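Have a look at the structure below, then the notes.
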Amino acid sequence: MARILVVDDEPTIRHVMRLYLEMEGHEVSEAVDGQEALEFFKTEHERLDAVILDLSMPRLSGRECLQKMCDIDSGVPVVISSGSAALGPLDPRELQPAFAVLEKPFRLERFGEVIKRTLASRARST
């Protein structure tokens, strides 16, 4: 069982991700924006196995949140989950801390593959 933080301002997307991850036996926490995610991450990063992070959110963007999370703990794998419009032109240096990019909309099979690969990488590095 892994502990995963899902960060997305769309309630339906968070709900679908949560249901899928819980059906796979994982413990899931949610945040509605980058600021809430960062506050959670500050106290819980040592207990997290992965973060799924949207880029386009209110208060604190996913890009800013990713950088701040990496300043705290760069060892937690982060999966960027965002629509192609929000991804825009990607500067690889800007998103380097991300383990994977999952472009929305995605199929649940693809989501599952990315999560399994992410968690496997975390297990190998610990």
Looking at the range 67-87, can you tell me whether even one residue there is loosely packed, with under 13 Cβ neighbours inside 10 Å, modelled with pLDDT under 90, at positive phi and of a type in the set (Gly, Ala, Ser)?
no
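Just a yes or no: is a residue in the range 32-48 under 17 Å from Glu109 (Cβ atoms) and either aromatic (Phe, Trp, Tyr) or touching a Pro at 6+ places or on another chain (Cβ under 7 Å) (or both)?
Restricting attention to the range 32-48, the residues satisfying the condition of being under 17 Å from Glu109 (Cβ atoms) are none.
Within the range 32-48, none of the residues are under 17 Å from Glu109 (Cβ atoms) and either aromatic (Phe, Trp, Tyr) or touching a Pro at 6+ places or on another chain (Cβ under 7 Å) (or both).
Considering only strands (runs of 3 or more DSSP E) fully contained in the range 1-80, which possess at least 1 residues that are over 19 Å from Val101 (Cβ atoms), over 11 Å from the mean Cα position of the chain (by Cα) and touching a residue at least 12 places away in the same chain (Cβ under 8 Å)? Quick ask: steps written out before the conclusion?
Values: elements: 3-7, 27-31, 50-53.
In the range 1-80, the matching strands (runs of 3 or more DSSP E) lie at 3-7, 27-31.
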Within the range 1-18, residues closer than 22 Å to His45 by Cα and of a type in the set (A, V, I, L, M) come out as Met1, Ala2, Ile4, Leu5, Val6, Val7, Met17
Of the conditions (1) modelled with pLDDT of 95 or more; (2) in contact with a strand residue (DSSP E or B) (Cβ under 7 Å, 6 or more places away or on another chain); (3) of a type outside the set (Lys, Arg), Ser56 fails just one. Which one is it?
(1)
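The values are calculated or read from the model by the stated rules, or taken from the named source; none is laboratory data. Please read all numbers here as calculations on a predicted model, not as lab measurements. Virtual Cβ from ideal backbone geometry, glycine too; neighbours counted across all protein chains shown.
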